[in-house]
Amino acid sequence: MNAVAAAQDPADWPVGTDSFFQPRRAAFWILAAFIVNGAFHTAHMLALGLRVVPVTLWLGLLVWGGYTLVFVLAFRTLDLLEQHPPEAFMLAFAWGGLGAVYLCAPANNAIRSLCAKLVSPEFASVWGPAIAGPITEEFLKIAGVILLILVARNQFQTYLSVLIVGAMTGLGFQVIENLTYTVN
């Protein structure tokens, strides 16, 4: 019986049997590397904020933590979180909040620099964020969802499950980006 199961292609496994721990897949290592780098970047920012503006940091953590909790409870109330194990949503939130935010900062600065050089510094200061944000931020959020699908493709049963993971990615990005703005 084990020989038959071992001979099967993992793509033929029943839905939901893939784990999110897939060290043989490159997408797993890409996801993990950027989440870890983002965690170090965010921890450094929070440590600096704790030294410089501790009240603002704690207030920001409280407010944005409550904001996150409201949305997670709303998702639970609508039974949208039942389609996946909690790891899917934690990884999506972590990608959005740690990986995508970490990668967006240098990309946004590069696009603003190009705007300043190609048009003018005044144009870049006014329109740079509006041009850079959608290009880098939205691309990196969807890249995280695609990486999650590549890591555990059998976990995503319906379009709604992908949509909810995308929403968690966006929530993670919004919360950590706004916490960064709060502390800075």
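The values are calculated or read from the model by the stated rules, or taken from the named source; none is laboratory data. Predicted, not measured: the structure shown is a model, and the values here were computed from it. Reconstructed Cβ throughout: ideal geometry from the backbone, glycine too, with neighbour counts over all protein chains shown. Remember, those area values only see protein heavy atoms, side chains included, never the ligands or the DNA or RNA. Shrake-Rupley method; radii C 1.70, N 1.55, O 1.52, S 1.80 Å.
Does K117 satisfy the condition of being buried (at least 20 other Cβ atoms within 10 Å of the Cβ) and basic (K, R)? Considered against the rule, which asks whether it is buried (at least 20 other Cβ atoms within 10 Å of the Cβ) and basic (K, R), K117 comes out as no. Among the residues examined, V63 qualifies as aliphatic (A, V, I, L, M) and either modelled with pLDDT of 95 or more or in contact with a Pro (Cβ under 8 Å, 6 or more places away or on another chain) (or both).
The residue that is modelled with the highest pLDDT, counting only those in region 142-166 that are closer than 29 Å to V63 by Cβ and open to solvent by 40 Å² or more (accessible area, probe 1.4 Å), is I142.
Take the conditions (1) closer than 23 Å to L61 by Cβ; (2) within 10 Å of the chain's Cα centre (by Cα); (3) open to solvent by 70 Å² or more (accessible area, probe 1.4 Å); T169 misses just one of them, which is (3). Take E137 and decide whether it is out of contact with any Ser or Thr (no Cβ under 7 Å at 6 or more places or on another chain), in a helix (DSSP H, G or I) and within 21 Å of F75 (Cβ to Cβ). Here the answer is no, as E137 does not meet what is asked.
Annotation: of all residues in region 19-51 being closer than 30 Å to E177 by Cβ and charged (D, E, K, R), the one that is modelled with the highest pLDDT is R51. Please work out which residue is modelled with the lowest pLDDT, limiting yourself to region 1-18 and to residues that are polar (S, T, N, Q) and not in a helix (DSSP H, G or I). Filtering first and then ranking leaves Q8. Yes or no: I135 more than 20 Å from A88 (Cα to Cα), touching a residue at least 24 places away in the same chain (Cβ under 8 Å) and open to solvent by less than 50 Å² (accessible area, probe 1.4 Å)? Considered against the rule, which asks whether it is more than 20 Å from A88 (Cα to Cα), touching a residue at least 24 places away in the same chain (Cβ under 8 Å) and open to solvent by less than 50 Å² (accessible area, probe 1.4 Å), I135 comes out as no. Annotation: G128 fulfils all but one of (1) modelled with pLDDT under 95; (2) farther than 30 Å from S19 by Cα; (3) open to solvent by 80 Å² or more (accessible area, probe 1.4 Å); the unmet one is (3).
In region 22-103, counting only helices (runs of 4 or more DSSP H) that sit wholly within it, the ones holding 3 or more residues that are at negative phi and more than 13 Å from the chain's Cα centre (by Cα) span 26-52, 54-77.
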